[in-house]
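No lab work stands behind these numbers, since they all come straight from the coordinates. Nothing here was measured: the structure is a model prediction, and the numbers come from that model.
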Amino acid sequence: MTSDISNTGLQLTPIRYRDWLISMKVIDKQLWLRWQHPKETFPRYSYPVTERGLTDTIRYARFLIDLVIALEEAEAKQS
């Protein structure tokens with residue numbers, strides 16, 4: 001499903017990164033990037049898109065996703 005962000009021309013089309021779903025949502029006229037763990041049914045994590053821009057915010061989300069994956073792998077090795 002795709003919807004437009006009012007007056008920007010951007011599309012709210014989710015993208016996948018390492019099986020995680022990354023989406024955007026406008027909350028109180030502020031654009032937020034949200035990401036969802038592959039085993040969950042809703043995006044638990046989010047971060048506002050600031051003056052640094054959407055590209056930088058996506059890089060930050062990917063960094064956090066990579067960190068969570070590394071932590072999950074480390075925990076699995078200890079089990």
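The figures follow:
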| item | result |
| --- | --- |
| Distant-in-sequence amide H partners of Leu21 (H built 1.01 Å from N, under 5 Å) | Gln36 |
| Lysines with Cα under 23 Å of Lys77, excluding same-chain neighbours fewer than 8 positions away | Lys39 |
